[in-house]
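Let me begin by presenting the structure, written as structure tokens, before commenting on it.
The values are calculated or read from the model by the stated rules, or taken from the named source; none is laboratory data. As the structure is a prediction and not an experimental result, all values here were calculated from the model. We place every Cβ from the backbone using ideal geometry, glycine too, and count neighbours over all the protein chains shown.
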Amino acid sequence: MNVFEVFFISLCIYIYLSVLLRIFGKKEFSQLNVFDFVVFLIIAEIMTDTVGNKDFTFFHGVIATITLIVVDRLVSMITMKSKRLRDIFEGRPTYIIFKGKLDQEKMKKQRYTVDDLSHHLRVNDIDSISKVEFALLETNGSLSIISKDECVVELPDALICDGIVDENNLKLLNRDLNWLKKELKKQHIDHIEDVFYCILEKDKLLVIKK
């Protein structure tokens, strides 16, 4: 393979990957989950292997990467319909600070250091942990912070999402399904399946129906 062929194939790979990443979705790279990130790495490796490889050409690489994208999109569609599968594939956020209290055990489990926490607090213009009500380590490694002054919820996560109750979040609030049903009935909602989104604010249960 001469220099011109290497240049031409490299240019084709660049154009193809640029188009592919646009088609892949509108997520910013920092918002990708673990599986999206793995797919990107595999795609990059596959296309790199096509340069100068007569047994695995550029067109073979295109077929392989399109297959990966289709599979990834199918997995995304399936997980959108199932909260349990979504938690398995994407994981769940971890509360580093919960209602103003720092959870050292969870920090150790996530291998999240005090330096990491201090850095993320500074990035969010927060100079002390005492000002934080909730700090969640997201599945992509970023830290979401809700200050005490701005917090209007008992838990910054949905109790009901698209008709499905998140029992883990109920446990965090020391509440159960019976309590949730009673609160919904106060708002004239008899069936959980009719709820698109539900979150517990400090003064009320915010419910959005389908």
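Scan segment 132-150 residue by residue and report those that are buried (at least 17 other Cβ atoms within 10 Å of the Cβ) and either β-branched (Val, Ile, Thr) or touching a strand residue (DSSP E or B) at 6+ places or on another chain (Cβ under 7 Å) (or both). Across segment 132-150, the qualifying residues are Val132, Glu133, Phe134, Ala135, Leu136, Leu137, Thr139, Leu143, Ile145, Ile146.
Go through segment 124-168 and give me each residue that's in contact with a Pro (Cβ under 8 Å, 6 or more places away or on another chain), modelled with pLDDT under 90 and not polar (S, T, N, Q). Reasoning before the result, please.
Filtering segment 124-168 down to residues in contact with a Pro (Cβ under 8 Å, 6 or more places away or on another chain) leaves 134, 136-139, 144, 146, 157.
From the residues that got through so far, the ones that are modelled with pLDDT under 90 too are 138-139.
Hit for segment 124-168 is Glu138, nothing else.
Lys182 meets the conditions (1) more than 23 Å from Leu137 (Cα to Cα); (2) touching a Leu at 6+ places or on another chain (Cβ under 7 Å) in every case but one. The failed one is (2). Of note, Leu159 satisfies the criterion of being among the hydrophobic types (A, V, I, L, M, F, W, C) and in contact with a helix residue (DSSP H, G or I) (Cβ under 8 Å, 6 or more places away or on another chain).
Okay, residues lined up against (1) charged (D, E, K, R); (2) more than 27 Å from Glu154 (Cα to Cα); (3) surrounded by fewer than 17 Cβ atoms within 10 Å (Cβ to Cβ); (4) at pLDDT 80 or above:
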{"residue": "Asn2", "(1), (2), (3), (4)": "no, yes, yes, no"}
{"residue": "His60", "(1), (2), (3), (4)": "no, yes, yes, yes"}
{"residue": "Arg73", "(1), (2), (3), (4)": "yes, yes, yes, no"}
{"residue": "Lys99", "(1), (2), (3), (4)": "yes, no, yes, yes"}
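Look through Glu138, Glu133 and report the one residue that is under 30 Å from Ser18 (Cβ atoms), touching a residue at least 12 places away in the same chain (Cβ under 8 Å) and either among the aromatic types (Phe, Trp, Tyr) or not assigned by TED's automatic domain parsing to the domain that holds Tyr14 (or both).
Values: Glu133 fails: under 30 Å from Ser18 (Cβ atoms).
Result of the check over Glu138, Glu133: Glu138.
Restricting attention to segment 110-130, the residues being within 15 Å of Gly141 (Cα to Cα) and of a type in the set (Lys, Arg) number 1.
When the criteria are applied in full, Glu154 meets the requirement of being of a type in the set (Asp, Glu) and touching a Leu at 6+ places or on another chain (Cβ under 6 Å).
All of Lys83, Lys54, Lys26 fail the test of being more than 26 Å from Ser142 (Cα to Cα), basic (Lys, Arg), modelled with pLDDT under 80 and not assigned by TED's automatic domain parsing to the domain that holds Asn168, apart from Lys54.
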